[in-house]
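The values are calculated or read from the model by the stated rules, or taken from the named source; none is laboratory data. Quantities reported herein were computed from a predicted structural model and do not represent experimental measurements. Don't worry about glycine lacking a Cβ; one is built from the backbone with ideal geometry, like all the others, and counts go over all protein chains shown.
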Amino acid sequence: MSKAPESPSSPAPTHHAHVLPPSVYGLVAALSLVWGFNWPVIKVVLAEMAPMHFRAWCLGIGALGLFALARLNGLPVRVPGGKWGRLILIAVFNMLAWNVLAVYAIGMMDSGRAAILGYTMPVWAMLLGFWLLGEPVTRRKLVGLGLGIAGMLLLIGGEIGTVGASPLGALLMIVAAVTWALGIIMIKRWPIGLPMTSFGAWQMALSLPPMWLGALLFEEGSFSPLSLSPWPLAGLIYNAALAFIFGNWAWMKIATTAPVGVSSLSTLMIPVIGVFSGMLVLGEQPHWTDYAALILVCASLATVLLPSRK
C-alpha cells in the first residue's frame, strides 16, 4: 500500500525499452508482487494491531531505511532553504492522509476491492491536473476518466449490495486515492529539489509524529510488536521492510531509469495481484462486479499512464 511518486527533480528517463537491462524488468515484477501482495497482508496485521499503531511502525522504520539508503549512496538529505512549508504540506496529503484513510478503509472491506479503488489515483491526478495545473484535456484522457469512474461505481454498488456491508470503506478508499493524487499535483507544482530517496524519507519522517499522536489519542492497544502472534508480526515486518523500504526504493529506481510505459506496468499489475492474493491469503471471493471493475480500472490506468504512439 505504500508508494513513492516520482520526484520532479529527478531526471527524466531517456533509455529505450529495448536496451534496458533485464534487472529493470525484474524490479517491476518484484515491486508489483510486493505491493500487490501487501493488501491482504495489511488485513492480517489489522486483526491484532490498531491501524495507526501499525502505520506508525511502518513510517518510522521506512524513514530510517530510506535515510540510510540515501547516505549509503551519497545522496543529499538536507532540505533546501525555504522548502520546509511545501514539504510538510506534501507529506500531509501524499503520505499521512493516504496511510490513515487507506488503512482504515482496508479494515472495512475486502482487500482486493480496496486495491482496485486505491489505484484509481492516476485518474484523480489527471482530473486535478485539468483543474489545478491547466493540463490539456484530450479525448484519450476523458476515456480513461470515464472507465475509472465506471469501475468505482461498480465497486461502491457492490459494497452497498453486500449484506451487512457499508459503503464507508469504499468511500474512505476513494478519498485516500484523491489525497494521494493531490499530493502528486503538489509535487509537480512545488518541486522540493531533493533526490527521490531523501524526499520519500522526509515525507515518512514528517508523517510519523502526527501518526503516533493520533494512535495515542484515538486508538487503544499496545505499540509493542511482541504482543502480536506470529503471522501478524510477520505482516508488520513485511510492510516495514518490503512495502515501505524496498518498495519505495524499487519504484524510485524504476521511475528514474525506465520509460513511462515500463514504469506503468507495476501500477497496472498491483491491483490485479491485490485481488488474487486476497483470494489466496484471506479466502476472499470476488463477485462479477469486482472482476468487471478490475478490468475497467486497469483499462483506465492503461489509457492514462501508457504513452500514446506517435
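Here are the numbers:
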quantity: Residue match in the stretch 50-58 (condition: at pLDDT 95 or above, more than 26 Å from Phe276 (Cα to Cα) and either surrounded by fewer than 20 Cβ atoms within 10 Å (Cβ to Cβ) or among the aromatic types (Phe, Trp, Tyr) (or both)); calculated: yes
quantity: Selection within the stretch 223-232 - among the aromatic types (Phe, Trp, Tyr) and either over 25 Å from the mean Cα position of the chain (by Cα) or not in a helix (DSSP H, G or I) (or both); calculated: Phe223
quantity: Number of positions in the stretch 59-69 that are within 22 Å of Leu228 (Cα to Cα), surrounded by fewer than 24 Cβ atoms within 10 Å (Cβ to Cβ) and of a type outside the set (Val, Ile, Thr); calculated: 1
quantity: Matching residues in the stretch 167-212 - criterion: being among the polar types (S, T, N, Q) and more than 13 Å from the chain's Cα centre (by Cα); calculated: Thr197, Ser198, Gln203, Ser207
quantity: Enumeration of residues in the stretch 188-221 that are touching a helix residue (DSSP H, G or I) at 6+ places or on another chain (Cβ under 8 Å), farther than 30 Å from Glu48 by Cβ and surrounded by fewer than 22 Cβ atoms within 10 Å (Cβ to Cβ); calculated: Lys188, Arg189, Trp190, Ile192, Pro195
quantity: Count of the stretch 195-250 residues which are within 18 Å of Val103 (Cα to Cα) and of a type in the set (Ser, Thr, Tyr); calculated: 3
quantity: Criterion (within 24 Å of Val297 (Cβ to Cβ), touching a Leu at 6+ places or on another chain (Cβ under 6 Å) and not basic (Lys, Arg)) met by exactly one of Leu208, Leu172; calculated: Leu172
quantity: Test: residue in the stretch 183-190 that is modelled with pLDDT of 85 or more, assigned to a loop (DSSP other than H, G, I, E, B) and out of contact with any Asp or Glu (no Cβ under 7 Å at 6 or more places or on another chain); calculated: yes
quantity: The stretch 265-293, subset crowded, with 21+ Cβ neighbours inside 10 Å and under 24 Å from Gly129 (Cβ atoms), residue modelled with the lowest pLDDT; calculated: Ser266
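Per-residue answers, yes or no, for (1) under 17 Å from the mean Cα position of the chain (by Cα); (2) assigned to a helix (DSSP H, G or I); (3) of a type in the set (A, V, I, L, M):
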| residue | (1), (2), (3) |
| --- | --- |
| Gly214 | no, yes, no |
| Leu217 | no, yes, yes |
| Gly221 | no, no, no |
| Ala234 | no, yes, yes |
| Ala243 | yes, yes, yes |
